[in-house]
Amino acid sequence: MSRTRLGVLALLIAAPLLIGASLLVFGGDDPVSDDGPPPPPGSTSPAGTVTGTVTTPAGEPVRQAPVQVTALDEPAPAIPEIGVLTGDAGRYEWRLPPGRYEIVVSTGERNSAPQTATVTADQVTRLDFTLP
């Protein structure tokens, strides 16, 4: 095989790897939404906050418990994170776009009953969970 062909082959193999690496480094993993154009730079889109505490039946905080949401509205708003974890005091806080959500806490061996929250812009909704 000639040196030119080897060079072309090496370039064809390396190009996708370089493109993928540059997307990771330079933020190509931004979420895509069909909800229209993003807000102008410097502005913030409306969001509300869901907060609460996750405890055991004895009232002990559950640390590092994953809190997850499922949007109930159609079309579903873009959710900024796939989940949040509770802190050392069992507390979580999540800023979400306005809408209706089903929220659940699951540690693998313990699962909460799902709760429904309606998030309103600039408002705080409190949902506490007790894991069995």
In region 60-96, what residues are part of a loop (DSSP other than H, G, I, E, B), among the small types (G, A, S) and under 12 Å from the mean Cα position of the chain (by Cα)? A78, G83
Filter region 84-131 down to residues that are polar (S, T, N, Q) and buried (at least 19 other Cβ atoms within 10 Å of the Cβ) and give me whichever is modelled with the lowest pLDDT. S112
Taking the stated definitions as given, is V50 modelled with pLDDT of 95 or more, part of a strand (DSSP E or B), aliphatic (A, V, I, L, M) and out of contact with any Pro (no Cβ under 8 Å at 6 or more places or on another chain)? yes
Residues that are in a strand (DSSP E or B) and under 21 Å from Q64 (Cβ atoms), drawn from region 97-126: I103, V104, V105, S106, N111, Q115, R126
Residue count, region 42-83, condition of a type outside the set (V, I, T) and buried (at least 16 other Cβ atoms within 10 Å of the Cβ), comes to 8
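The values are calculated or read from the model by the stated rules, or taken from the named source; none is laboratory data. Keep in mind that what you see is a predicted model, and the values were worked out from it rather than measured. Neighbour counts are summed over all protein chains in view; Cβ atoms, including those assigned to glycine, are modelled from backbone coordinates with ideal geometry.
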